[in-house]
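FYI, it's all coordinate maths here, none of it is from the lab. This one's a predicted model, so the numbers in the text were calculated from it and none came from an experiment. A quick note on method: Cβ atoms are made from the backbone with ideal geometry, for glycine too, and the neighbour counts reach across all protein chains shown.
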Amino acid sequence: MAKYRAGVVGCRGIGSSHTSGFVGNSDVEVVAACDIVQDTLSEYVNRWKSNWGNIAKYTDHQEMLAKENLDIVTVATSDHRHADIVVNAANAKVRGIFCEKPMATSVEDGDRMLEACERNNTILSIDHTRRWQPLWCKAKEIITDGEIGPVQYIIGTMGGARSMLFRNGTHLLDMICYFAQSSPIWVCAELQKGYEDYWEYKGDGGHNPDTEPDASGYIHFANDTRGYYVGCKKSPSSFRLEIMCTDGYILINDQKGEVYKGDTNETIQPDSWTITGIPAGVMELVELLDDGGEPASSGREAMKTVEIMIGFLESQRQGNSKVNIPMPRIPGD
């Protein structure tokens, strides 16, 4: 009998990517799936029936939580539909939650998620996927080991139609925070032309790029690292960072990383991982239930990106001015 009962909320492609992290682990049984679209739910159950033959189907996540006595829940719903599911799962005493990015689309929702998980001793891991990619992890190791000195500034750029601030900008902001190894304390930003009055999230959950702006912004960290963020929906698809340190720098994208020091440069040689990305994040969560510890992409870490994104919107509202972080909360939330 499996040690942990798992349920998946949101059964399209990313939900199946979450599920693949349980495959081959005899300690986990996927016992329930939830989606508001019946055809999607049926397709999911059919896809995974050879691994788990008795997956119960639900269209209401609260009914699933009430009936299934779950230990693990994964959340792969639209970007603005994470908070209530995570809060309800934590309050149902689920032990571990793997939630899609962005963690939330308001600081108040992010606060609710953290409060519920911490009060119920629920581990919350957010899918900032590069934290489980060996190339990015090896680059972080080089920084942490001090091979090229302390980080001074980080320039992150991304392009392509889906370079929306919340949908995929959260990934780039997370990597800036990952290498800065500090908390953001103030930001300023300018949003894409045509979105001058975009002062709160108005997106459709990450589906239509026209519902979200791209952005350019500055992030100042508590350790004085400076972060520069540029997203551009009208440029070719790309994702890359320049990490400048006192004794050298790293240039990295999803295919390759180079370390420059003096007159030399070396290609980063990542370790060999059997499982990477989303499945590795889900596997990590299961291991944490056994062994304890913090996920590579904890809720507290992911909250940094939420604060930055909302700070960017507030900077736009204030005429591109400096905005301190953490952001003021709306009274009563």
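Quick one: Cα centre-to-centre distance for the range 176-215 and the range 298-333, in angstrom?
10
I want the local charge near Ala189. Using Cβ-Cβ distances under 13 Å, sum +1 for each Lys or Arg and -1 for each Asp or Glu among the other residues.
-3
Where is the GNM fluctuation largest for the chain (alpha-carbon springs, 10 angstrom cutoff): Gly227, Gly160, Gly292?
Gly292
Excluding residues on the same chain fewer than 8 positions from Lys3, give the lysines whose Cα lies under 22 Å from its Cα.
Lys49, Lys57, Lys67, Lys93
Can you work out the Karplus-derived ³J(HN,Hα) for every residue in the range 68-79? Use 6.51 cos²θ - 1.76 cosθ + 1.60 with θ = phi - 60°, whole Hz, and x for glycine or proline.
9, 6, 7, 9, 10, 10, 10, 10, 10, 8, 4, 3
Could you work out the local net charge near Asp214, counting Lys and Arg as +1, Asp and Glu as -1, over the other residues with Cβ closer than 9 Å to its Cβ?
+1
Checking the table Lys233/Lys256; Lys138/Lys261; Lys140/Lys322 against a 20 Å threshold on Cα-Cα, which pairs fail?
Too far apart for the 20 Å limit: Lys233/Lys256; Lys140/Lys322.
How large is Rg over Rh for the chain, taking Rg from the Cα atoms and Rh as the Kirkwood inverse mean of 1/r across Cα pairs? Please report the intermediate quantities before stating the final value.
On the way: Rg = 20.0 Å, Rh = 20.5 Å.
We get a ratio of 0.97 for the chain.
State the Cα centre-to-centre distance between the range 77-129 and the range 234-281 in whole Å.
So the separation of the two Cα centres works out to 29 Å.
Once you have the alpha carbon radius of gyration of the range 138-292, what is it after dividing by 2.2 N^0.38 Å, with N set to its residue count? Spell out each step's value before the answer.
Values: Rg = 17.1 Å, N = 155, 2.2 N^0.38 = 15.0 Å.
Dividing the Cα Rg of the range 138-292 by 2.2 N^0.38 Å gives 1.15.
Nearest 500 deg cm²/dmol is fine: what mean residue ellipticity at 222 nm does the chain get from its DSSP H runs of n ≥ 4 alone, each adding -39,500 (n - 2.57), divided by its residue count?
One gets -10000 deg cm²/dmol as the mean residue ellipticity at 222 nm.
To test your reading of the geometry: what angle, between 0 and 90 degrees and rounded to tens, separates the Cα axis of helix 38-48 from the longest principal axis of the chain?
With both axes taken from Cα atoms, the answer is about 90 degrees.
If Lys and Arg each add +1 and Asp and Glu each add -1, what is the summed charge of the other residues whose beta carbon sits under 14 Å from the beta carbon of Asp39?
Details: positive: Arg12, Arg47, Lys57; negative: Asp35, Glu43.
Local charge sum for Asp39: +1.
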